[in-house]
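Accompanying notes for the structure given below.
Derivation of every value follows stated rules applied to the coordinates shown; laboratory data play no part. Here the structure is a predicted model, which is why all the values come from computation and not from measurement. Please note: Cβ atoms are built from the backbone with ideal geometry, for glycine as well, and neighbour counts cover all protein chains shown.
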Amino acid sequence: ERPNTGALRAMSEQRAAVAGEAARRRKTMRQPLEIKGLVVRAYPTETYFFLADFAPHDAAELAIRLRQHGIFIKHLNDVSLGPGFMRVTTALPEDNRRFIKVLKELLQHPQGRVS
């Protein structure tokens, strides 16, 4: 086997491993948003981020409140989508769990600050 062929095979295997990990993280993030009683609709994706609709909550306000907890997320501010949409990026599992925990608290206490 020529060296270039081996390098190409290794790169292909690495790409497949990264794609598999990204798919696992996307699935892990969407499931808690849909299953744990959050009023959030997550849309399927093939990337490391996905579109989520937090309506009737305002995404801009929710992004500000998440920032108060050290979670930096940007609402989409897209008139055609509506005020509830955000792009959520999947991260390390412990970061995802923290995001879901804080998000759940914020959605359950829309007016007050949570711990």
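The distance between label points at Q108 and I73 comes to 1.6 nm (points 7 Å beyond Cα on the Cα→Cβ vector). Considering only the other residues whose Cβ falls under 11 Å of the Cβ of G84, what net charge follows from Lys and Arg at +1 and Asp and Glu at -1? Value of the local net charge: -3. Here the spin labels are modelled as points 7 Å beyond Cα on the Cα-Cβ line, and at T45 and A60 they lie 2.2 nm apart. Annotation: amide H of F49 within the under-5 Å range of T90, sequence separation 5 or more or interchain, hydrogens built in the peptide plane.
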